[in-house]
Amino acid sequence: MSRDLSGGFQPLLSLIKEKRLALFLDYDGTLVPIAEDPANAVLPESTCRLLKRLSGRFKVAIVSGRSLKDLKYRVGIEEITYVGNHGMEISSPAFTMRFDIGRRAGAELSSAANELRGLILKWPGTVLEVKEVSLSLHYKNLSGESEKLFYGEAREILDRVTTRGFLRVTGGKKIIELRSRALWHKGSAVKWIMGRGEFKDTFPLSIGDDLTDIDAFRAVKGKGLSVFVGGYEEEADYYCDSPASTLEMLSAILLEKS
Ligand SMILES: [Mg+2]
């Protein structure tokens, strides 16, 4: 049973009061509103300041589907731990990890990228993001019939590529992703981090807005708490309505714990 935070953050704040907190935060749709083109989802200066203050007080990890390089570039705070590619790449001042998807999966990924480059040329406004160990196809500005047609054509290409079994297709909010078949996800990365350095023995709070974040929620279950951004979600302990509420919540946590 997930509880609504729109009436105030007090129920959550009282549970973390005495805890040594570790924050696991998604980026798009959680810290910043989702942009039609992911390149435009810039971190506002005020959010950057808030993250700096949080990272001075708690352990903070940003856990995203973006590539590690892109994520670090967008946030740019040294003390933070960055998790890119849904957990496949991890980098912090104390440790780094890169999941090896293997040569054959890598080759399939690049052939899929080549075919999808042709597809997005046919559909203006769609975006292909090719990352080191995965790729994402964004179609936020398509709707109705064109969305259906585009999705069908994309799936046809991806299902063909994935029949050999090295990669798998996953989805989210108007996004199709091609990732390694290996069952390593945001939740695996969160667990891995929680066993390391100053993250050991912390109380994790995981905040995210999409299907892939639910793996992280499961990883903190019984150890900490989770918040889904954007409405009710059964798998989360709490939910709030938007990235603006996430920022309010983080400010309230900072205030409560300072
Ligand atoms: Mg997100």
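Structure values in brief
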item: Sites residue 248 and residue 201 - FRET efficiency at Förster radius 25 Å, r taken between beta-carbons, to 0.05; result: 0.35
item: Likely footprinting exposure, 97, 194, 1, fewest C-beta neighbours within 10 Å first; result: 1, 97, 194
item: Kirkwood hydrodynamic radius (C-alpha pairs) into Stokes-Einstein, the chain, 4 °C and 1.567 mPa s, D in µm²/s; result: 69
item: Fluctuation leader among 110, 46, 92 - the chain, Gaussian network, Cα springs under 10 angstrom; result: 46
item: DSSP-loop GluC sites (Glu not before Pro) across region 64-165, with at most 10 other Cβ within 10 angstrom; result: 78
item: Kirkwood Rh in Å, taken over all unlike Cα pairs in region 137-258; result: 16.7
item: Principal axis dimensions, largest first and in whole angstrom, of region 106-180 by Cα; result: 32, 21, 19
item: Dipole magnitude of the chain, debye to nearest 20 (Cβ charges: Lys/Arg +1, Asp/Glu -1, about Cα centre); result: 880
item: Of 43, 29, 16, farthest towards positive along the dipole that unit charges on Lys, Arg, Asp, Glu beta carbons give region 13-57; result: 16
item: Selection of chymotrypsin sites (Phe, Trp or Tyr not before Pro), region 177-257, meeting DSSP coil and at most 13 other Cβ within 10 Å; result: 232
item: Largest to smallest principal axis extent of the C-alpha atoms in region 63-188, angstrom; result: 48, 31, 23
item: By average C-beta atoms within 10 angstrom, highest first, the peptides 20-28, 37-45; result: 20-28, 37-45
item: Length added when fully stretched, residue 117-residue 211, from 0.36 nm per residue minus Cα-Cα; result: 31.3 nm
item: From phi via Karplus (6.51, -1.76, 1.60), per-residue ³J(HN,Hα) for region 24-37 in Hz, x at Gly/Pro; result: 10, 10, 6, 9, 5, x, 10, 8, 10, x, 5, 9, 4, 9
item: Computed helical MRE - 222 nm, the chain, DSSP H runs ≥ 4 contributing -39500 (n - 2.57), nearest 500; result: -12000 deg cm²/dmol
item: Where chymotrypsin sites (Phe, Trp or Tyr not before Pro) fall in DSSP loop in region 76-128, at most 14 other Cβ within 10 Å; result: 95
item: 9 Å beta-carbon shell around residue 82, net charge (K/R +1, D/E -1); result: 0
item: For region 152-163, Karplus couplings with θ = phi - 60° (6.51, -1.76, 1.60), whole Hz, Gly/Pro x; result: x, 5, 5, 4, 4, 5, 5, 5, 5, 5, 8, 5
item: Protection proxy ranking of 242-252, 116-126 - average other beta-carbon atoms within 10 Å, highest first; result: 242-252, 116-126
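No lab work stands behind these numbers, since they all come straight from the coordinates. Note that the structure is predicted; figures quoted are calculated from it, not measured. Cβ coordinates were reconstructed from backbone atoms using ideal geometry, including for glycine residues, and neighbour counts include every protein chain displayed.
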